Amino acid sequence: MNIAVIVPVRNEASYIARTLDALLVQDYPRDAYEIVVVDGESTDLTRQIAAEYAYRHTNVRLYDNPQCWSSAGRNIGIASSTSDVVLIVDGHCELTDRQYLTKVAEAFERSAADCVGRPQPLTVAKANPVQRAIGLARRSWLGHHPDSYVFSSGEGIVPATSIAVAYRRAVFDRIGMFDESFDACEDVEFNRRIDRANLVCFRTDQITLPYIPRGTLRGLFHQLARYGRGRVRLLRKHPDFTNTKALVPAALLGGVLIGGVTIGILPNIAIPYFASIGAYLATLSLTSAHLTIRARDLALTPLVVAALLTIHAGAGWGAICEVFSSLTSRAAAGASRGTSETGREPSRRS
């Protein structure tokens, strides 16, 4: 089975060499897999590093992605490859298993599935305290989408939406490519179409691939804001995908902001407002303490609380911004149409 490993990257100079080194030492026939790096106009040394690998290794190729977004990068990599299976590998990961590609191939052969999914834990070596806290927060019930399989365990047939990362080439012939209007959640949107087409996704722990968490809370906020915007776009494109759980952070953040303003007008709501915030913070604190006790790292508790707050605020802010942007765009389009219609030359009367 030939495998195309697509690595869409942008500004991954700190990690790309490690990822490519891990792929190049795979215990898999060298002529049976290709590594396709697609760079989204990085402003650091990512492209130069990838170019050196492409120059030294015949099975590594480098392409440019002028659109920058991962969705376009994935499509460029897929279109430039000819392998039986397409595997997406993030440049921001920690691949240590030399049998990884072998296990991917075995998963397809064992299951006969159309696509394969895997867990993506956030536990990596040499993580700093913020990264460890983010890892604990993201895999908790308060830190990720409740219907996601990405932090679960076990093996079997599952919905592709939250977890598929490897695909038979026939899948793209059946449902098309990644939607390049998405700059986040493009994988969720694509996998949603897989589920709608009744294709089969097989999940296995055998190909677990740790993802390196953001190193700062600011980086985490920006990441989750992009995810929040992507979730709104997903619901807009697939209105039948009525999974409103993704909008809970937006409702939470909106309630905090609106309530804070409303107190000045309706002071009677101050007590329930602050009581609700207190209950929310207490839930975060207790959950964080439980997570750090289980991880035997109680000192991380304040950072885990901060990470959960950042996750909710980022996802909520992104969703609110996307809804607002959509509404203003529609209003502007409507105003433009109205101006165009009223600006027409009046018909002549006989």
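Quick note: the coordinates plus some simple rules give every number you see, no bench work behind them. As the structure is a prediction and not an experimental result, all values here were calculated from the model. Cβ: placed from backbone, ideal geometry, glycine included. Neighbour counts: every protein chain shown.
Observations on the structure shown:
- Lys, Arg +1 and Asp, Glu -1 on Cβ, resulting dipole of the chain about Cα centre, debye, nearest 20: 940
- Rg over Rh [alpha-carbon atoms, Kirkwood Rh] for the range 3-213: 0.93
- Summing +1 for each Lys or Arg and -1 for each Asp or Glu among the other residues whose beta-carbon sits under 12 angstrom from that of Asp97 gives 0.
- Trypsin sites (Lys or Arg not before Pro) restricted to DSSP loop in the range 116-183 with at most 12 other C-beta within 10 Å: Lys126
- With Rh defined as the Kirkwood radius, the inverse of the mean 1/r over Cα pairs, the Rg/Rh of the range 224-311 is 1.08.
- Antiparallel bridges, percent of DSSP beta bridges restricted to the chain (to nearest 5): 30
- Eigen-decomposition of the gyration tensor built on the alpha-carbon atoms of the range 167-210 gives equivalent ellipsoid semi-axes of 19, 15, 9 angstrom, largest listed first.
- Applying the criteria of a DSSP loop state and at most 14 other Cβ atoms within 10 Å to the trypsin sites (Lys or Arg not before Pro) of the range 1-110 yields Arg98.
- Taking Ile265, Ile35, Ile163 in turn, the Gaussian network model of the chain (Cα-Cα springs below 10 Å) assigns the largest fluctuation to Ile265.
- Set of lysines with alpha-carbon distance to Lys245 below 27 Å, sequence-local pairs under 8 removed: Lys237
- Loop-located chymotrypsin sites (Phe, Trp or Tyr not before Pro) across the range 89-194 with a Cβ neighbour count of 10 or fewer within 10 Å are Trp141, with loop assigned by DSSP.
- The chain: relative contact order in percent, alpha carbon pairs under 8 Å with at least 6 residues between: 18
- Selected from Pro302, Pro272, Pro29 as most flexible by GNM, with the chain as the system and alpha-carbon contacts under 10 Å: Pro272
- Whole-number percent relative contact order across the range 223-342, with pairs defined as alpha carbons under 8 Å at least 6 apart: 49
- For the range 151-194, a simple Cβ point-charge model (Lys and Arg +1, Asp and Glu -1, everything else neutral) yields a dipole of about 280 debye relative to the Cα centre.
- Each of Leu101, Met1, Tyr280 was placed along the dipole of the chain (beta-carbon charges, centred on the mean Cα), and the one lying farthest toward the positive end is Tyr280.
- Ellipsoid semi-axes for the range 68-178, based on the Cα gyration tensor and the rule √(5λ), read 26, 17, 15 Å when sorted largest first.
- Top positive-direction residue, dipole computed over the chain with Cβ charges, set Ile265, Ala306, Pro129: Ile265
- Listed residues Ile88, Leu199, His144: farthest to the positive end of the dipole of the range 3-213 (Cβ charges): His144
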